[in-house]
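Visitor: Sharing a structure below in structure tokens format, with a few things to ask.
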Amino acid sequence: MILVSGVTKRYGKTAVVDDVSLQLPRGGVTAIVGANGAGKSTLLSMIARLLDSDAGSITVGDLDVATCDSRELARRLAILRQTNDLQSRLTVADLVGFGRFPHSGGRHTATDRAAIEQAISWMNLHDLRDRFLDEMSGGQRQRAFVAMVLAQDTEYLLLDEPLNNLDVAHAHAMLTTLRRAADELNKTVVIVVHDINYASCWADQIVAMKNGVIRAVGSPREIMRRPLLKDVFELDIEVVELRGHRIAHFYLPVPICANCNSANEACCLNRGVSEPVPLTLRPQVAS
Amino acid sequence: MSATSPPTSTVTSRSRSLTPNKRLVLGLAVCLLAAGVFMLANLSGNLGFVLELRGRKLAAMVLVGWSTGVATVAFQTVTNNRLLTPSIMGLDALYVFIQSILVLVLGIALVGQVGAYPMFFLNVGLMLLAASALTSVLFGKRSRSVYVVVLAGLVLGSVLRALSSLIARVLDPSSFMVLQDNLFASFTAVNPQLIWLCAVIVALASGYLWSMRATLDVLTLGRDAAVSLGVPYQRTMRRVLLVATLLVCVSTALVGPITFLGLIVAAIAYQVSGTGRHTVTMPMAGLLGVAVLVGGQAILEQILGQATVLSVVIEFIGGIAFIWLVIRKASS
Amino acid sequence: MSAHAPSVAPAATDKPAGRPLSRGWFGGLAVLLVLAIVSVFTGVSDLSPVDFLTGTATDRQWLHLLASRVPRTVAVLLAGASLALSGLLMQLLVRNRFVEPGTVGTSESAGVGILIAVMVFPTAPLVVKMVIAIVTALIGTALFLRLVRSLPPKAPVVAVPLIGIMLAGVIAAGTTFVAYRFDLMQTIGIWMQGDFSGVLRGRYEMLWLLAGMGLLLWLFADRFTLASLGQDHARALGLSYKATLNLGLALVATSSAITLVVVGGIGFVGLVVPNLITLWRGDNLRRNIGWTALAGSGFVLVCDLMSRTLNAPYEVPVGTVSGVLGGIVFLGLLLTGRMRTQ
């Protein structure tokens, strides 16, 4: 279990993360959502000791993140930030091999080699294993990095906006992988995502943040509610249900129908009107 | 998938046509060739004397070339900055500055009495202190852009050089001559007293960096990924920077400052190693350092008869290489 | 119009800062004059202002005053103002706070001209050498601009001075190589080193050209400010961008070649002074010309005084002193984040 208690991070006078407490139980996929600057990535970085916190404590299992041996923590928890630019020419196999560094420090044992092979086959990278990373597409490189953190073989897997710069097909493949990692390999996956609908459809639990504090924690069904989203994102978003999943329709220019002036299930749009219905601007946008 | 795999395999087979180890052997062969030319070209006069003189120079150049190459690669990895080298950061100017300060404060007579070894150790000690202060400013809490650090280093180097020449002016002329003869080394006036000591230091430092090679590999992924993989980032960085500083002391003490040697050989080493792993890039850069120094000196001194201008030539080529690197990095 | 607005409109509301030559500026000028008088009476041979005021000065003392001390001080003032203004103008035109003739290779290119002059026309008068130096300085500056253009528009600001410094280094290394081959190292070294000790009556008058350069800068200030908005804006406002840019850079190259030929290289003045003034007073060329010139003169004057007193009776080259002082100020600006690098 990851236990965050009273954690604060300040830059100058502004608290980016403000006295946050949170429990993340073992297993499943947790998605952290929120507007830009809500403190999602900062919180994730502090859990993974990439950033020091100014106050509070974080424990991963029985390890206190601030004081524990960094390598010990690296065997429990892996974090993947948005793909960093690489300085040197590395092959996919080289990169995945780095995932074993916390375990063997660079000299690979048979266990390490097995873990590397497993990660490579899990991410379908067999054909690419000897390719150099700088000769590959962004999506392929992303897969290689995920293979690296899989090879790290940790209980906890933290990913900071893993869907950034991925088209829908690649985003879908990434989410499938993470879901399988949670379900088949029993990993605890925590991701930061921008698109709340991905969170709604793929995660077991959602943490909604705003202005450095946690606004709500709960199942997708509990979080994906119109008043709550309005509070978190400061935007009135219509939420509908599709095959058991709640979808927030923030793609629509307006939730208010100009025909019947309603914004919910009572709208004429839901009663089989086939021609496009004129939509008015949202009240808050218009003003 | 099948459409893309044939080109994949050709790329692979082309870049794997020479294994990294064979490339290293090739580098070593180039070094040996350069050393042979340097030792044997235009032999005349008292053979024993000439060979001994050249041998001493060769030993110094091998030490300097090797340590500059190895130190630069490790330094660039921990600072995650391929435009920066210990010399460009101003460390060799710092060494000369400390040397001048010591002569100014202690007086030329005392410096003469103390002898080369204690002076060298004193200088190195002060250098390590100053360099760790400097690195904590440049790579401390506040994160600075790659370019700002390089610019600050260049300006710092020029300030330190100006200060050193200021001190040289303030010394009375006769002490200054003594200082120059005794302490300021150059390609033509290799400091012979320190060669053995420097050889030991270079061997120990190289051994340490070699033992760090796996950690250095991980550091090429950048700070966040390295920390995530359990690398004690601050500690590793501090240690590698200190070792690099030590190697700068060695090379500056032996042949004086050569600002761009590290930049050139590291840049070439990354290109020709065929891999980014430090098992290859570090020794490759070391070998290239030796090849450039010894080969360059062999050509200039024995063939063109222009002994002292090697550092000028390196500066010329290094400057062009640097401009190319900046434009390439900014364009990527 | 937008370039005129700040220099004209705020003058009504914000008098002291609005006008180029405000009361504060005259105060600064007074301080500079005091410094200049101190400079005139500082030196090895004993000159006292009392002797000259009471009329007891000998002919010898008068000669010394008029032939050596006054020319030297005037040269310092002219060179300082010109270096600072060249830096300011170049920063405006290249649209980069980190450039000055000394960090982009202009000065080193002028040095190439001197080398050519010394090698090919060793007996030619100073004017000829100066013309050759101006031509090579222009070529060097053009080369720098060519290199900077190969950077993508989004390249970081600091990449520009890095390229400039390296270009300067490459040119200097080339000069050294050739000078070494032809045994001219010492000659070139003396030329390139900033030093006012050789300034005597009859050997510095060409520096008055710099005053003319300053006047041109003053006259075209608004155009240069417009050009500094960038090609598109300048064109949209009806300015011939290329011509203005070329004129400005020609002014810079000519001034720095003249300074180099007469007194040698004095680094960091053009970098530090305009940046300090801009930090203090904001960006507007015409409004800052007066202060920049004043502060440039003052800075070099202080450096020159130090160069004469640090190791008296010997002199330290003023270029070395300014290299230390200016470099430290610049490092401070850079590392404390006062100069924005984004």
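Computed from the coordinates by the stated procedures, all read-outs in this text should not be read as laboratory data. It should be emphasised that the depicted structure is a prediction, and the values quoted were computed from it without experimental measurement. All Cβ positions, even for glycine, are placed from backbone atoms using ideal geometry, and neighbour counts span all protein chains on display.
Visitor: Before anything else, pin down the relative contact order of the stretch C:4-335: Cα pairs under 8 Å, at least 6 apart, normalised by residue count, whole percent.
Guide: 30
Visitor: By how many degrees, 0 to 90 and rounded to 10, does the Cα axis of helix A:138-151 deviate from the longest principal axis of chain A?
Guide: 60
Visitor: Average partner chain C-beta neighbours within 10 Å, per residue of B:217-223?
Guide: If you average over the peptide's residues, the count of other-chain Cβ atoms is 6.
Visitor: If a/c stays under 1.5 just call it rounded; otherwise compare a/b with b/c (prolate if a/b is bigger, oblate if not). Do that for the protein assembly as shown, with a ≥ b ≥ c from the square roots of the Cα gyration tensor eigenvalues.
Guide: oblate
Visitor: Still on this structure: List the residues, sorted by chain then number, that are 5 or more residues from A:Gly61 or on another chain and whose placed amide H is less than 5 Å from its amide H.
Guide: HN-HN under 5 Å from A:Gly61: A:Ile2, A:Leu3.
Visitor: Let's see if you can work this out: charge +1 on each Lys and Arg Cβ, -1 on each Asp and Glu Cβ, no other charges. What is the dipole magnitude of chain C about its Cα centre, in debye to the nearest 20?
Guide: The calculation lands at about 920 debye.
Visitor: When chain C is treated as a GNM, springs tying every alpha-carbon pair under 10 Å, which of C:Ser68, C:Ser150, C:Ser197 comes out with the largest mean-square fluctuation?
Guide: Evaluated over chain C, the most mobile residue of the options is C:Ser150.
Visitor: Specify which residue in the list C:Thr309, B:Trp196, B:Thr77 is farthest towards the positive end of the charge dipole of the protein assembly as shown, using unit charges on the beta carbon of Lys, Arg (+1) and Asp, Glu (-1), about the Cα centre.
Guide: Of C:Thr309, B:Trp196, B:Thr77, it is B:Thr77.
Visitor: Continuing with the same structure: Skipping prolines and chain starts, which residues have an amide H placed within reach, meaning under 5 Å, of the one on C:Gly265, given they are 5 or more residues away or on another chain?
Guide: Here the answer is C:Gln193, C:Gly194, since their amide H atoms fall under 5 Å of that of C:Gly265.
Visitor: Please find, in a Gaussian network model of chain A (springs between Cα atoms separated by less than 10 Å), the residue of A:Ala248, A:Ala110, A:Ala181 whose mean-square fluctuation is greatest.
Guide: Comparing A:Ala248, A:Ala110, A:Ala181 in a Gaussian network model of chain A, the most mobile one is A:Ala110.
Visitor: Work out from phi, with θ = phi - 60° and the Karplus expression 6.51 cos²θ - 1.76 cosθ + 1.60, the ³J(HN,Hα) of each residue of the stretch C:236-253, listed in order in whole Hz, and give x for Gly and Pro.
Guide: With coefficients 6.51, -1.76 and 1.60, one gets 4, 8, x, 9, 7, 4, 4, 4, 5, 4, 5, 4, x, 5, 5, 4, 4, 4 Hz.
Visitor: Just tell me how shielded B:133-143 is by partners: mean number of partner chain Cβ atoms within 10 Å of each residue's Cβ, no decimals.
Guide: Across the residues of B:133-143, the mean count of other-chain Cβ atoms within 10 Å is 1.
Visitor: Additional query: Packing-wise, with mean Cβ within 10 Å as the measure, how do C:324-336, C:79-91 rank, highest first?
Guide: For the peptides C:324-336, C:79-91, the packing ranking is C:79-91, C:324-336.
Visitor: Given the stretch B:20-331, what whole percent of its Cα pairs are spread farther than 32 Å?
Guide: The proportion of pairs with Cα distances above 32 Å equals 26 percent.
Visitor: Turning to a different aspect of this structure: Counting only pairs 8 or more places apart or on different chains, how many lysine pairs in the protein assembly as shown have C-alpha atoms closer than 24 Å?
Guide: Eligible lysine pairs with Cα atoms under 24 Å apart amount to 13.
Visitor: Remind me, relative contact order of the stretch A:99-228 in percent, using alpha carbon pairs under 8 angstrom and six or more residues apart?
Guide: Computed value for the stretch A:99-228: 18 percent relative contact order.
Visitor: When C:Thr176, B:Thr77 are ordered from fewest to most other Cβ atoms inside 10 Å of their Cβ, what list results?
Guide: The fewest-first ordering by Cβ neighbours comes to C:Thr176, B:Thr77.
Visitor: A further question on this structure: In whole Hz, with x marking every Gly and Pro, tabulate ³J(HN,Hα) for the stretch A:63-80 from phi via Karplus 6.51 cos²θ - 1.76 cosθ + 1.60, θ = phi - 60°.
Guide: Going residue by residue, I get 9, 7, 4, 5, 10, 6, 5, 4, 6, 4, 5, 5, 8, 9, 9, 10, 10, 10 Hz, with x marking Gly and Pro.
Visitor: Sort the stretch C:4-335 into rounded, prolate or oblate with this rule: let a ≥ b ≥ c be the square roots of the eigenvalues of the Cα gyration tensor; rounded if a/c is under 1.5, and if a/c is not under 1.5, prolate when a/b is larger than b/c, oblate otherwise. Could the numbers behind the result be given before it?
Guide: On the way: a/c = 1.89, a/b = 1.18, b/c = 1.60.
Taking the square roots of the gyration eigenvalues as a ≥ b ≥ c, the stretch C:4-335 is oblate.
Visitor: A further question on this structure: If you rank B:Phe260, C:Phe182, B:Phe139 by fewest surrounding Cβ atoms within 10 Å, what's the result?
Guide: Fewest-to-most ranking of B:Phe260, C:Phe182, B:Phe139: C:Phe182, B:Phe139, B:Phe260.
Visitor: Treating only the Cβ atoms of Lys and Arg (+1) and Asp and Glu (-1) as charged, compute the dipole magnitude of the stretch B:26-168 about its Cα centre; round to the nearest 20 debye.
Guide: Charge dipole, the stretch B:26-168, about its Cα centre: 320 debye, nearest 20.
Visitor: Going by amide H atoms built from the backbone, whose H comes under 5 Å of the H on A:Val213, apart from near neighbours?
Guide: A:Asp18
Visitor: Only bridges whose two residues both fall in chain A count here: according to DSSP, what percent of them are antiparallel, nearest 5?
Guide: 60
Visitor: Could you go through the stretch B:22-30 in sequence order and give the Karplus-derived ³J(HN,Hα) for each residue, using 6.51 cos²θ - 1.76 cosθ + 1.60 with θ = phi - 60°, rounded to whole Hz, and x for Gly and Pro?
Guide: Values, residue by residue: 5, 4, 4, 4, 4, x, 4, 4, 4 Hz.
Visitor: For chain A, what does the alpha-carbon gyration tensor say about shape, rounded, prolate or oblate, given a ≥ b ≥ c as the root eigenvalues, a/c under 1.5 as rounded, and a/b over b/c as prolate?
Guide: prolate
Visitor: How big is the antiparallel share of DSSP beta bridges in the protein assembly as shown, given as a percent to the nearest 5? Numbers along the way, then the final one.
Guide: On the way: 25 of 44 bridges.
Around 55 percent of the beta bridges assigned by DSSP in the protein assembly as shown are antiparallel ones.
Visitor: Kindly express, to the nearest 10 degrees and within the range 0 to 90, the angle between helix A:110-122's C-alpha long axis and the longest C-alpha principal axis of chain A.
Guide: Value to nearest ten degrees: 30.
Visitor: GNM, chain C, Cα, under 10 Å: largest mean-square fluctuation among C:Leu305, C:Leu237, C:Leu260?
Guide: Highest fluctuation among the options: C:Leu237.
Visitor: Right, another one. Using a 10 Å cut-off on Cβ to Cβ distances, tally the other chain neighbours for every residue of A:91-102 and report the average as a whole number.
Guide: That works out to 4 on average.
Visitor: Fewest to most neighbouring Cβ within 10 Å: what's the order for B:Phe316, B:Phe97, C:Phe268, C:Phe52?
Guide: The most exposed by this proxy come first: C:Phe52, B:Phe316, B:Phe97, C:Phe268.
Visitor: Related question: Can you give the charge dipole size of the protein assembly as shown about its Cα centre, rounded to the nearest 20 debye, using +1 on the beta carbon of Lys and Arg and -1 on the beta carbon of Asp and Glu?
Guide: 600
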